[in-house]
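Trainee: Structure incoming, see below.
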Amino acid sequence: MALENDSELKELVRKAALLNAVQHSGKAQAGPIVGKMLGEKPELRTKAKELTALINAVLVEINSLSVEERRRIVEEKWPEMLRKERVEEERRLPPLPNASKYAQIVTRFSPNPDCVLHLGSARAIILSHEYARIYRGKFILRFEDTDPKVKRPSLVFYDKIRQDLGWLGCKVDEEYIQSDRLPIYYEYAERLLREGNAYVCTCIPDEFRNMTLQQKRCPCRNLPPKEQLERWERMLDGSYAEGRAVVRVKTDLNHPNPAVRDWPALRIIDPVRYPHPRVGSRFRVWPLYNMAAGLDDHLLGITHIIRGKEHLTNGVRQEFMYKHLGWEYPEAIHYGRLKITGAFLSKSKIIQCVNDGTCSGFDDPRLATFAALRRRGITPEAVKKLIVDVGPKTADVTLSWENLYAYNRKLLDAQTDRFFFVPDPLALVVDGVPRVFQVRLALHPEQPERGYREYVVKPEGGEKAVALKIARKDADSADVGVMVRLMGLFNVKTRRRTEDGLQASFDSEAYQDARDAKARLIQWVLPDESVPCRVVMPDASVNVGIAESACKRLKPDDVVQFERFGFVRIDVAAPGLTAYYAHK
Ligand SMILES: [Zn+2]
């Protein structure tokens with residue numbers, strides 16, 4: 001029976017293809033499916049060609065479906081496969097503490113919109129989102145924008161942060177903006193003051209600090225609630241100028257960590273000098289971090305706070321407020337610092353670089369912002385996998401860019417087409433080419449179904465010469481008399497390096513000859529079949545060269561591999577190509 005009439009086999013292929021597509025949230029690839037079929041049905045080995053044709057036909061059908069359609073079919077027909085996939089995912093992260101205590105797990109990511117997001121935030125975002133997803137819970141985005149003076153938010157960043165989360169695939173279930181919530185913070189400030197658990201301190205900060213270091217109470221602490229509320233009114237109505245009064249939450253003056261003793265909860269910021277970008281000059285009293293974040297974590301029903309261990313003291317501070325209010329503190333998981341060597345992970349440096357024009361923008365390739373990673377073709381899946389594999393452990397972790405590249409390379413390798421790019425091109429003239437070569441170069445060495453690039457290499461004149469372009473680096477390192485293989489074409493022996501190029505003679509056709517001679521393989525481009533191409537490197541330098549003409553069909557956002565050069569993302573497609581370099 002011809003394989004294409006074997007409906008049972010066809011169904012098996014369909015299943016494998018759908019699962020492959022769903023599990024990799026992309027298009028199904030032929031390679032793994034051929035392997036799977038041959039593994040399950042060894043008798044098909046003699047019919048590999050027919051099998052590949054059948055698989056390719058099924059793939060055309062499956063890959064034309066939308067992601068949702070594919071998922072729906074798998075859920076309907078093979079729900080057990082998805083369950084298995086889920087269990088595997090859940091195993092990747094350690095379980096959350098006391099998860100069963102809560103009807104629904106709620107996590108949050110709470111950035112200050114004073115910069116775009118960068119790799120330094122990846123751990124907080126991805127762990128919080130992944131846990132919410134694994135437990136079918138809720139992931140909250142909370143903008144912490146209550147400092148219009150020092151960590152001043154800026155309107156552009158609210159949207160940029162939303163875009164960054166969207167790119168990372170972290171779907172937000174609810175969003176809150178703290179500058180909308182000032183009346184709520186005021187209400188709790190009043191309650192704390194009324195109940196004697198907070199006080200308005202008008203001491204000079206240095207004097208207050210000295211008293212706390214000596215574990216002494218300041219004169220404001222014991223004033224009765226009535227007077228505290230009067231002082232509070234004076235904070236609100238402008239009787240106190242900026243810096244003249246703060247609300248402090250009572251803690252333990254004997255606490256071993258002086259930073260915990262009676263921490264400041266709300267302060268005055270001159271609304272005329274420092275208007276807030278969203279709410280203008282409407283408010284003059286602003287909550288500090290521990291007040292706003294501490295209240296919101298409870299009020300928004302956060303069950304698990306996943307944050308860096310630099311927040312440990314904040315947790316201790318906030319627990320005093322929780323006790324005053326009769327609340328139970330959420331579960332808190334503190335992970336260690338994640339350092340990426342060579343990455344620019346400081347907000348102030350990023351902002352400075354963009355503002356002074358050193359960087360071309362927030363997506364400048366030198367930055368470790370998500371915008372820059374996106375522009376370079378680093379996939380959000382790679383960032384996610386890296387972070388999930390590191391997990392929430394408390395030990396500090398130092399990674400290198402190469403760690404991230406390794407994840408990305410693994411993802412891109414199967415999905416990207418190959419092309420030739422010749423940086424800094426020089427002429428290579430080969431004479432003695434015996435015939436016309438019709439070259440077929442696979443777009444992917446392991447996936448013939450992706451298709452080919454085709455070129456005609458035709459010798460001209462009495463010398464039977466062919467003129468090509470190769471990289472200056474390759475020309476410079478070609479020793480005279482040594483064999484070099486032009487990838488996918490033929491082998492040549494270099495004769496002479498001239499000022500403007502390299503002269504060589506045709507040697508042989510077979511790839512095996514090149515292997516035997518341990519010849520170097522180099523990429524090449526026909527001058528008449530080329531397109532100008534610039535590649536912006538991670539250090540913002542530019543490699544100028546030419547790419548083969550098949551690249552003319554590439555579109556912005558396509559990610560491809562320039563052979564022997566690296567993975568790049570197409571940024572501009574016309575008239576010439578501009579690409580951003582991802583990595584080798
Ligand atoms: Zn005081």
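The values are calculated or read from the model by the stated rules, or taken from the named source; none is laboratory data. Just so it is clear, the model here is predicted, and its values are computed rather than measured. Virtual Cβ from ideal backbone geometry, glycine too; neighbours counted across all protein chains shown. Remember, those area values only see protein heavy atoms, side chains included, never the ligands or the DNA or RNA. Shrake-Rupley method; radii C 1.70, N 1.55, O 1.52, S 1.80 Å.
Trainee: Conditions: (1) surrounded by fewer than 19 Cβ atoms within 10 Å (Cβ to Cβ); (2) touching a Phe, Trp or Tyr at 6+ places or on another chain (Cβ under 9 Å). Residue 314 meets all but one. Number of the miss?
Mentor: Single failed check for residue 314: (1).
Trainee: Keeping to the range 492-516, report how many residues are open to solvent by less than 80 Å² (accessible area, probe 1.4 Å) and either modelled with pLDDT under 95 or in contact with a strand residue (DSSP E or B) (Cβ under 6 Å, 6 or more places away or on another chain) (or both).
Mentor: 13
Trainee: Can I ask one more? Being in a helix (DSSP H, G or I) and at pLDDT 80 or above is the filter; apply it to the range 72-91 and report the residue that is least open to solvent (accessible area, probe 1.4 Å). Before the answer, list the steps.
Mentor: First, the residues of the range 72-91 that are in a helix (DSSP H, G or I): 72-77, 79-91.
Add one more test, that the residue is at pLDDT 80 or above, and what stays is 72-77.
Details: 72: 124, 73: 29, 74: 0, 75: 91, 76: 132, 77: 94 Å².
Once the filter is applied, the top-ranked residue is 74.
Trainee: On to the next question. Among the residues of the range 313-352, which ones are closer than 18 Å to residue 401 by Cβ and more than 19 Å from the chain's Cα centre (by Cα)?
Mentor: Restricting attention to the range 313-352, the residues satisfying the condition of being closer than 18 Å to residue 401 by Cβ are 337-346, 349-350.
Listed by number, the list holds a single entry, 349.
Trainee: Another question about this same structure. Any residue in the range 229-249 that is part of a loop (DSSP other than H, G, I, E, B), buried (at least 19 other Cβ atoms within 10 Å of the Cβ), within 16 Å of the ligand (Cβ to nearest atom) and among the small types (Gly, Ala, Ser)?
Mentor: Yes, the range 229-249 has at least one match.
Trainee: Also, I was wondering about something else. If a residue must be over 17 Å from residue 565 (Cα atoms) and either part of a helix (DSSP H, G or I) or of a type in the set (Lys, Arg) (or both), how many such residues does the range 399-425 contain?
Mentor: The qualifying residues number 5.
Trainee: Another question about this same structure. Looking at the range 259-272, can you tell me whether even one residue there is out of contact with any His (no Cβ under 6 Å at 6 or more places or on another chain), among the aromatic types (Phe, Trp, Tyr) and under 14 Å from residue 150 (Cα atoms)? Before the answer, list the steps.
Mentor: Going residue by residue through the range 259-272, those that are out of contact with any His (no Cβ under 6 Å at 6 or more places or on another chain) are 259-260, 262-272.
Checking the rest, the ones that are also among the aromatic types (Phe, Trp, Tyr) come to 263.
Checking the rest, the ones that are also under 14 Å from residue 150 (Cα atoms) come to none.
The answer is no, given that none of the residues of the range 259-272 is out of contact with any His (no Cβ under 6 Å at 6 or more places or on another chain), among the aromatic types (Phe, Trp, Tyr) and under 14 Å from residue 150 (Cα atoms).
Trainee: Have a look at 480, 456, 492 and point out the one that is out of contact with any His (no Cβ under 8 Å at 6 or more places or on another chain), without any contact (Cβ under 8 Å) to a residue 40 or more places away in the chain, farther than 30 Å from residue 372 by Cα and not in a loop (DSSP other than H, G, I, E, B). Let's see the steps before the verdict.
Mentor: Working: 480 fails: not in a loop (DSSP other than H, G, I, E, B); 492 fails: without any contact (Cβ under 8 Å) to a residue 40 or more places away in the chain.
Matching residue, one of 480, 456, 492: 456.
Trainee: Here is a further query. Is it the case that some residue within the range 521-533 is within 18 Å of residue 444 (Cα to Cα) and surrounded by fewer than 17 Cβ atoms within 10 Å (Cβ to Cβ)? Steps first, please.
Mentor: Filtering the range 521-533 for residues within 18 Å of residue 444 (Cα to Cα) gives 521-525.
Next cut, surrounded by fewer than 17 Cβ atoms within 10 Å (Cβ to Cβ) only: 521.
There is at least one residue in the range 521-533 that is within 18 Å of residue 444 (Cα to Cα) and surrounded by fewer than 17 Cβ atoms within 10 Å (Cβ to Cβ).
Trainee: Is it true that residue 480 is β-branched (Val, Ile, Thr) and closer than 22 Å to residue 530 by Cα?
Mentor: Details: β-branched (Val, Ile, Thr): yes; closer than 22 Å to residue 530 by Cα: no.
Here the answer is no, as residue 480 does not meet what is asked.
Trainee: From the set of residues in the range 327-367 that are closer than 17 Å to residue 114 by Cβ and of a type in the set (Val, Ile, Thr), which is least open to solvent (accessible area, probe 1.4 Å)?
Mentor: Only one residue tops the list, namely 350.
Trainee: Moving on to the next point. Which helices (runs of 4 or more DSSP H) does the range 333-398 wholly contain that include 2 or more residues that are more than 16 Å from residue 125 (Cα to Cα) and free of Cβ contacts under 8 Å to residues at least 12 places away in the same chain? Don't jump to the end; show me each part of the working.
Mentor: Values: elements: 347-355, 370-376, 380-390.
So the answer is 347-355.
Trainee: Which pairs do you get when a residue that is of a type in the set (Phe, Trp, Tyr), found in the range 248-274, comes within reach of a residue that is assigned to a strand (DSSP E or B) and open to solvent by less than 40 Å² (accessible area, probe 1.4 Å), reach meaning Cβ atoms under 9 angstrom, with the pair 6+ apart or on two chains?
Mentor: If the second residue must be assigned to a strand (DSSP E or B) and open to solvent by less than 40 Å² (accessible area, probe 1.4 Å), the pairs left are 263/248; 263/249.
Trainee: While we're looking at this one, here's another question. Which residue pairs have Cβ atoms closer than 8 Å, lie 6 or more positions apart in sequence or on different chains, and pair a first residue in the range 182-210 that is closer than 15 Å to residue 267 by Cα and open to solvent by 30 Å² or more (accessible area, probe 1.4 Å) with a second residue that is outside any helix (DSSP H, G or I) and away from the ligand (no atom under 16 Å from the Cβ)?
Mentor: Correct list of pairs: 186/285.
Trainee: Take the residues in the range 380-417 that are crowded, with 18+ Cβ neighbours inside 10 Å and over 18 Å from the mean Cα position of the chain (by Cα), then tell me which one is farthest from residue 117 (Cα to Cα).
Mentor: Ranking the candidates gives 417 first.
Trainee: Can you list residue pairs whose Cβ atoms sit under 9 Å apart, with the first residue in the range 428-440 being open to solvent by 70 Å² or more (accessible area, probe 1.4 Å) and the second being of a type in the set (A, V, I, L, M)? Count only pairs 6 or more apart in sequence or on different chains.
Mentor: 438/456; 438/457
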